[in-house]
Each structure stands twice: as structure tokens, then as C-alpha cells.
Amino acid sequence: MSANQAFHQLEANISGILASHQDYRTIIDHVRPHLQELLTNEQLVPEDLQVPLPNKYAQYLLYRPENESFAVIAFVWGAGQVAPVHDHLVWGLVGVYRGSIVEKRYRREDHGESAEPRYTIREVSEVTATQGDISFVYPPDYDIHGVANPFNEAAITIHIYGTDIGKQPRHIHDVASGNARDVITKHDNTIPVFS
């Protein structure tokens, strides 16, 4: 199946899931096998997009339906590239397409409106994920993580989010200080690769 056909089938599948379920964990459980299938498609990421950028990880919008109910993004990680600790504020899945990454999970512990700091971010787990592995995010308790490629070879991860994450306001968290700053991480392309 071509990548374009695969994305149209994915849209039909996810539309059906979203019509039947609102609970983030249930949505993730139902979308997961569709991401697993997508990860086996050799045509999913065009060759010219598989080359890491020299100064940061690349973020390419692969597919987004007209209603923007979800989006599929390829992240291309060069050796040593890191994403800061961040949240998403929406459900999402992350699958490893090529190479390996390290994902650190964090939990926010609130201390109250008048406390200083108001909250702390505590690391709760670390996992090395390899080709075919899938993890997930959703608020409030499973939403904060950091991703890195500490290895010598490039890695590619495929993300499915419940919105276009390239337009989604969210936060980068400073683990040491407990502060957060607003961010929108725009895609490195303006038009989806597949339509």
C-alpha cells in the first residue's frame, strides 16, 4: 500500500475511533495498532526528509485531515539531538520508525497557588525505545516527557496527535526550577507531505 493510501485508511480508522470514544486512554489503545501498521510502511517518510538537520531535530508534517482532528508527524533525530522536557495537552502516540531514542517521563507535583515554586517536575521513568516500539502521552498524568537520541546513528519517530501539534500551544518545563514557558513547535514544512 502506498503511503498516501495508508494515510487515507488511517483517517477513516481514526475518524471512526474519535466518533465512538472521548477518553484519551481509550483513543490511544484503539489508535495504537494503526500506528504499528504505519511503522512498517517503507514509503512513509520520503528519503530527502530522512536526513537530520545539523542544529536541531526536524519536525515534518506528514498528514493532517481537513478537520485537523489528528496529525501525523515525522521527527528526524540526528546523533546527540535532544527535545527539552515538554507537555502536549492532547493525546498522542510516538512510534520508532528507524534507530533508537531515549524517552524520560516526568510527573508534575503541584504545591498550591501560593507556593514557590508552584510545582515541581519529577522524573519517573526512562526507556530506550527501538524500531517498532510505541509510547503515548495524554494529560494530565502521562503528558510530560523529554526525548533524546544519544546514539551515533540517526533516528526517526512517527507521532500521531489528537490535533496539529505544530499549532498547539503547550509548555517547555525547566525541571530544576519548576518553571514553564509557553511554546508552539512549528513544523519544518508548511504543507503536509501527503494529502
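The values are calculated or read from the model by the stated rules, or taken from the named source; none is laboratory data. Just so we're clear, the structure is a prediction, and the values are computed from it rather than from any experiment. Heads up, the Cβs are rebuilt from the backbone with ideal geometry, glycines too, and the neighbour counts pull from every protein chain shown.
Does V137 satisfy the condition of being under 27 Å from E42 (Cα atoms), in contact with an Asp or Glu (Cβ under 6 Å, 6 or more places away or on another chain) and either crowded, with 20+ Cβ neighbours inside 10 Å or modelled with pLDDT under 95 (or both)?
yes
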Could you grab the pairs with beta carbons closer than 9 Å, sequence gap of 6+ or different chains, first residue in region 140-159 and without any contact (Cβ under 8 Å) to a residue 40 or more places away in the chain, second one surrounded by fewer than 17 Cβ atoms within 10 Å (Cβ to Cβ) and of a type in the set (V, I, T)?
-> none
Do the conditions hold for G132, that is, is it loosely packed, with under 15 Cβ neighbours inside 10 Å, modelled with pLDDT of 95 or more and closer than 23 Å to H30 by Cα?
-> yes
Is there a residue in region 89-108 that is surrounded by fewer than 19 Cβ atoms within 10 Å (Cβ to Cβ), among the charged types (D, E, K, R) and outside any strand (DSSP E or B)?
-> no
V127 passes all but one of the listed conditions (1) at negative phi; (2) part of a loop (DSSP other than H, G, I, E, B); the exception is number (2)
Give region 1-39 a look and list any residue that's among the polar types (S, T, N, Q) and touching a Gly at 6+ places or on another chain (Cβ under 8 Å), or say none.
-> Q36
